[in-house]
Amino acid sequence: MRIARLARARRLVALSAVAVVSVAACGAAATSQPTVAPTPTAAPTPTAAPTPTAAPSEPAMQVMAMGEFVDIDGTASGLAELAVVGELYEVVLADFEIDEIAHTNVVLVESDSVTSSADVDPATYLDLGPLQATSGMQVYEIPPDMAATVMDGYHSVVIWDTEMAHAIAAASLR
C-alpha cells in the first residue's frame, strides 16, 4: 500500500509539474511578443527644407541730391548725398575722408555754394552731429520735424569746426 501511495503521489507530482509547465507556457505566450523578422525599411525620404519667409522688404534709398566735397579751410574728400529711405531723410557721406574729426560736425546750410566760412550762418544751419569717423561711409539722420523743409531750405553739406567756428569742407547738393 505504501508503494501504491508513493506511486500515486509521484503521478500527482508529475501531473502537477505538467500543469505548472503548461500554465507557465500559456502565460508566457500571452505576454511575449511574437517574433517577426524585421522588414527592410526604405531610406528615409529627404524632406524639403522649409521655405524661408520673405523678410519684410526695406524701403529703397532714393538719392534726392548729391555733391562732392571741396576744401575750404581744411581738407576733406568724398560725396555728400541727401537721401530718402521710406519717410526718413538722411545725409550720407560716401567715400569720405578727412584727417581729423575733433570738434567737427556735419551741418546743413541754406547757401547754394559754400566757398568760405562766411557763407555759413551758424544761427540758421542744421547741425546733424559730430563726424563719426575719419573715413568711410557715414549716415546722419535728419530730424523728422525738419524733413519737410530740408529739400526747400538746405542746399549744402558742410564739415564745420565747432571749436574754431569755420568750414573745413563743403558739398553743394544738386
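Couple of notes before you dig in:
- Scanning the stretch 142-174 for residues that are touching a residue at least 60 places away in the same chain (Cβ under 8 Å) and polar (S, T, N, Q) yields Ser156, Ser172.
- All of (1) farther than 14 Å from Ala170 by Cβ; (2) touching a helix residue (DSSP H, G or I) at 6+ places or on another chain (Cβ under 7 Å) hold for Gly136 with one exception: (2).
- Meets criteria (out of contact with any Leu (no Cβ under 9 Å at 6 or more places or on another chain) and hydrophobic (A, V, I, L, M, F, W, C)) for Ala147: no
- In this entry, Ala123 is excluded by the filter for residues that are in a helix (DSSP H, G or I), of a type outside the set (Lys, Arg), over 16 Å from Ala76 (Cβ atoms) and modelled with pLDDT under 95.
- Only one of the numbered conditions (1) at pLDDT 95 or above; (2) assigned to a strand (DSSP E or B); (3) of a type in the set (Val, Ile, Thr) is not met by Val84, and that is (1).
To keep it simple, each residue is scored yes or no on (1) loosely packed, with under 14 Cβ neighbours inside 10 Å; (2) in contact with a Gly (Cβ under 9 Å, 6 or more places away or on another chain).
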position	(1), (2)
Val85	no, no
Tyr89	no, no
Phe96	no, yes
Val106	no, yes
Asp112	yes, no
Ile142	no, no
Trp160	no, no
Met164	yes, no
Ala169	no, yes
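- Each residue in the stretch 164-174 was checked for being under 14 Å from Val107 (Cα atoms) and outside any strand (DSSP E or B), and 2 of them qualify.
- Total residues in the stretch 70-82 satisfying the condition of being closer than 18 Å to Tyr154 by Cβ and surrounded by fewer than 18 Cβ atoms within 10 Å (Cβ to Cβ): the figure is 2.
- Any hit, the stretch 139-160, residues being more than 22 Å from Gln62 (Cα to Cα), assigned by TED's automatic domain parsing to the domain that holds Ala65, assigned to a strand (DSSP E or B) and in contact with a helix residue (DSSP H, G or I) (Cβ under 9 Å, 6 or more places away or on another chain): yes
The values are calculated or read from the model by the stated rules, or taken from the named source; none is laboratory data. Everything quoted here is computed from the prediction, not taken from an experiment. In this analysis, Cβ positions are derived from the backbone assuming ideal geometry, glycine residues included, and neighbour counts consider all displayed protein chains.
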